[in-house]
1. Can you work out which of the residues in the range 122-153 that are more than 17 Å from the chain's Cα centre (by Cα), part of a helix (DSSP H, G or I) and of a type in the set (S, T, N, Q) is surrounded by the most Cβ atoms within 10 Å (Cβ to Cβ)?
2. Report, by residue number, each residue of the range 154-201 that is within 23 Å of residue 75 (Cβ to Cβ) and basic (Lys, Arg).
3. Residues in the range 20-31: is at least one in contact with a His (Cβ under 6 Å, 6 or more places away or on another chain), at pLDDT below 85 and hydrophobic (A, V, I, L, M, F, W, C)?
4. Which pairs have Cβ atoms under 9 Å, sit 6 or more apart or on different chains, and link a residue in the range 59-71 that is assigned by TED's automatic domain parsing to the domain that holds residue 142 and of a type in the set (Lys, Arg) to one that is in a helix (DSSP H, G or I) and modelled with pLDDT of 90 or more?
5. Do you know which of the residues in the range 176-232 that are at pLDDT 90 or above and part of a loop (DSSP other than H, G, I, E, B) is nearest to residue 146 (Cα to Cα)?
6. Have a look at 119, 103, 110 and point out the one that is of a type in the set (Ser, Thr, Tyr), surrounded by 13 or more Cβ atoms within 10 Å (Cβ to Cβ) and within 30 Å of residue 157 (Cβ to Cβ).
7. Listed residues 116, 169, 99, 163; which is part of a helix (DSSP H, G or I), at pLDDT 90 or above and either outside the structural domain of residue 65 (by TED's automatic domain parsing) or of a type outside the set (Lys, Arg) (or both)?
8. Could you check how many residues of the range 77-100 are touching a residue at least 40 places away in the same chain (Cβ under 8 Å) and either touching a Leu at 6+ places or on another chain (Cβ under 9 Å) or crowded, with 16+ Cβ neighbours inside 10 Å (or both)?
Amino acid sequence: MISTLLGSLKFAWYQCRAPYVNESRLLVTKELGYTLEPIDRNLSRLMGFENEPGSQRMSALEASFFLKDFAEQDLASLENRAPAILQKAKEIDQKLIFLRIYYFFMNAEYRNVSTLKPYIKIHKERVSKVHESLMRLIQYTQIDALPVAAVSNTLYGAAKLNLSVDPVLNSILLPVLSQKYKYLTTVGLAETLWALHKLNSKNADLSKKILADLGQREVKYIQVVPGYFNHLQFQLDPNAKTPREVGLLKDVLMMSTDSDTKKQIEEFLSKYKPNQ
């Protein structure tokens, strides 16, 4: 309960600061992501029916954020590490009791090993349910009313989770993206471009339009962290990380075989100057 209260206060703190940050060139590196919690309650909304008493139907935009949130959790990495974690847990179980107690408090993987396999199974089920529902929601949403953020999130989430979007790719997603891509943020454009290459989309003209728009974007910003006692006071982040769009575009650079695409990406990356 205390952790929930502290989390709510932290969220409120960030909300108070958000208008000041979003109107400047400051990039807060310790920002809260978009999550849909609690997961189970929101998953049940995917199965809700319109006009049902107390129902609140989830929109395609919300479901797309949900899918993207799952994609960022990197379940594939956990699955690859699972055998090693389970083997390590068996070895620890053979040790003396006081050593097992030590590992229980000091090693989170050992402490949670009993929930590892159920977690992976439940996570896969959740991803499958969100993906299936999202495909239906996109098909039931009028093209003009479908936000481009939902398209970008869907493409990125599907590409990262190795899911298919073929039923809606050419008929809905790409036409909406072609009309509204300029409304995406720089990160959104980079994620979309990465997803199109990952999904082996053959729409070269759309990729070139996105790259041309990226080339006109401002890429000079300062990475900061908020002050401890003043939410309007910032200081340079001593551990500034490479922005997401830079890492994604470097991946596209490696995936692409088109010389013009490579040249445009290299020109964009050459403009990036961290904390200058």
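1. 133
2. 160, 198
3. Taking the range 20-31 as the starting set, the residues that turn out to be in contact with a His (Cβ under 6 Å, 6 or more places away or on another chain) are none.
Within the range 20-31 (the criterion being in contact with a His (Cβ under 6 Å, 6 or more places away or on another chain), at pLDDT below 85 and hydrophobic (A, V, I, L, M, F, W, C)), the answer is no, since none of the residues qualifies.
4. Close Cβ pairs (under 9 Å, with a partner that is in a helix (DSSP H, G or I) and modelled with pLDDT of 90 or more) amount to 68/152; 68/153; 68/154; 68/156; 68/157; 68/160; 68/191.
5. This residue is 184.
6. Numbers: 103 fails: within 30 Å of residue 157 (Cβ to Cβ); 110 fails: within 30 Å of residue 157 (Cβ to Cβ).
The match here is 119.
7. On the way: 116 fails: at pLDDT 90 or above; 99 fails: at pLDDT 90 or above; 163 fails: part of a helix (DSSP H, G or I).
Being part of a helix (DSSP H, G or I), at pLDDT 90 or above and either outside the structural domain of residue 65 (by TED's automatic domain parsing) or of a type outside the set (Lys, Arg) (or both) holds for just one of 116, 169, 99, 163, which is 169.
8. Initial filter on the range 77-100 (touching a residue at least 40 places away in the same chain (Cβ under 8 Å)): 78-79.
If we keep only those that are either touching a Leu at 6+ places or on another chain (Cβ under 9 Å) or crowded, with 16+ Cβ neighbours inside 10 Å (or both) too, we end up with 78.
Number satisfying all stated conditions: 1.
The values are calculated or read from the model by the stated rules, or taken from the named source; none is laboratory data. Fair warning: this is a prediction, and the values are worked out from it, not measured in the lab. When we count neighbours, we look across all protein chains shown, and the Cβ atoms used for this are built from the backbone with ideal geometry, even at glycine.
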